[in-house]
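Novice: Below you will find the structure I want to go over with you.
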């Protein structure tokens with residue numbers, strides 16, 4: 001169980017970080033477009049489509065990474081006051097009621113959508129350049145598979161929490177943390193020392 005959780009976390013983190021480099025390409029592409037459009041008065045027909053494709057890819061592939069880091073939006077004004085085992089029970093129910101059916105629908109529909117797009121060699125209709133977008137639509141399937149793997153890991157975390165009364169800790173990495181998390185850890189540490 002723990003090996004799968006660690007595998008899913010590592011896979012999501014590796015793929016999320018690898019695809020995060022798209023931000024650099026996207027920034028370069030937009031900067032290039034601004035330069036040639038406003039300085040050289042020679043806009044490109046492809047820059048808008050390419051930035052949409054890169055942003056969409058980053059957004060879809062980043063979903064599993066964000067899930068593994070508990071970074072998705074949650075209405076936690078009630079949730080954070082519950083015992084961890086209660087949180088896990090509620091999460092477990094919600095994963096089976098909403099998450100898995102939604103991700104399964106995304107994966108199946110995404111596969112059909114991507115297969116049709118590849119078959120036709122689909123190109124963007126939004127620009128005169130006719131940028132190919134079939135490879136972008138295949139990312140929908142990848143995102144679904146990654147979300148499914150990470151979702152199973154999250155369910156296993158819930159099972160651990162229900163059994164042991166505490167959450168299975170996410171491996172510490174050298175990533176950036178939100179200030180709120182750092183301050184909460186510091187406060188907990190100072191409370192222990194007093």
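The values are calculated or read from the model by the stated rules, or taken from the named source; none is laboratory data. Nothing here was measured: the structure is a model prediction, and the numbers come from that model. We place every Cβ from the backbone using ideal geometry, glycine too, and count neighbours over all the protein chains shown.
Novice: State all residues of region 37-79 that are closer than 23 Å to residue 180 by Cβ, in a loop (DSSP other than H, G, I, E, B) and either touching a residue at least 40 places away in the same chain (Cβ under 8 Å) or touching a strand residue (DSSP E or B) at 6+ places or on another chain (Cβ under 6 Å) (or both); if no residue qualifies, say none.
Specialist: Listed by number, the residues that qualify are 69, 70.
Novice: Scanning for something out of contact with any strand residue (DSSP E or B) (no Cβ under 6 Å at 6 or more places or on another chain), surrounded by 13 or more Cβ atoms within 10 Å (Cβ to Cβ), within 30 Å of residue 166 (Cβ to Cβ) and without any contact (Cβ under 8 Å) to a residue 24 or more places away in the chain, does region 98-120 turn up at least one residue?
Specialist: yes
Residue by residue, here is whether (1) surrounded by 14 or more Cβ atoms within 10 Å (Cβ to Cβ); (2) more than 21 Å from the chain's Cα centre (by Cα) holds:
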{"site": "47", "(1), (2)": "yes, yes"}
{"site": "56", "(1), (2)": "yes, no"}
{"site": "60", "(1), (2)": "yes, no"}
{"site": "67", "(1), (2)": "yes, no"}
{"site": "73", "(1), (2)": "no, no"}
{"site": "83", "(1), (2)": "no, yes"}
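Novice: Sticking with this structure for a sec: Quick one: residue 82 ticks every box in (1) more than 26 Å from residue 15 (Cα to Cα); (2) in a helix (DSSP H, G or I) bar one, so which box is it?
Specialist: Tallying (1) more than 26 Å from residue 15 (Cα to Cα); (2) in a helix (DSSP H, G or I), residue 82 fails exactly one: (2).
Novice: Of the conditions (1) farther than 30 Å from residue 43 by Cβ; (2) under 19 Å from the mean Cα position of the chain (by Cα), residue 136 satisfies every one except a single condition; which number is it?
Specialist: With respect to (1) farther than 30 Å from residue 43 by Cβ; (2) under 19 Å from the mean Cα position of the chain (by Cα), residue 136 is out only on (1).
Novice: Give region 24-50 a look and list any residue that's at pLDDT 85 or above and within 20 Å of residue 137 (Cα to Cα), or say none. Working first, answer last.
Specialist: Initial filter on region 24-50 (at pLDDT 85 or above): 24-44.
Result: 25, 26.
Novice: So which helices (runs of 4 or more DSSP H) are wholly in region 100-194 and hold at least 2 residues that are within 30 Å of residue 49 (Cβ to Cβ)?
Specialist: Working: elements: 100-120, 134-164, 179-193.
Where helices (runs of 4 or more DSSP H) fall fully within region 100-194 and carry at least 2 residues being within 30 Å of residue 49 (Cβ to Cβ), they are 100-120, 134-164.
Novice: Condition test on residue 111, is it within 21 Å of the chain's Cα centre (by Cα) and farther than 18 Å from residue 156 by Cβ? Steps first, please.
Specialist: On the way: within 21 Å of the chain's Cα centre (by Cα): yes; farther than 18 Å from residue 156 by Cβ: yes.
So residue 111 passes the test.
Novice: Something else now. Any residue at all in region 114-126 that is farther than 16 Å from residue 12 by Cβ and within 18 Å of the chain's Cα centre (by Cα)? Lay out the reasoning, then the answer.
Specialist: Filtering region 114-126 down to residues farther than 16 Å from residue 12 by Cβ leaves 114-126.
This time we only want the ones that are within 18 Å of the chain's Cα centre (by Cα), so: none.
Scanning region 114-126, I find no residue that is farther than 16 Å from residue 12 by Cβ and within 18 Å of the chain's Cα centre (by Cα), so the answer is no.
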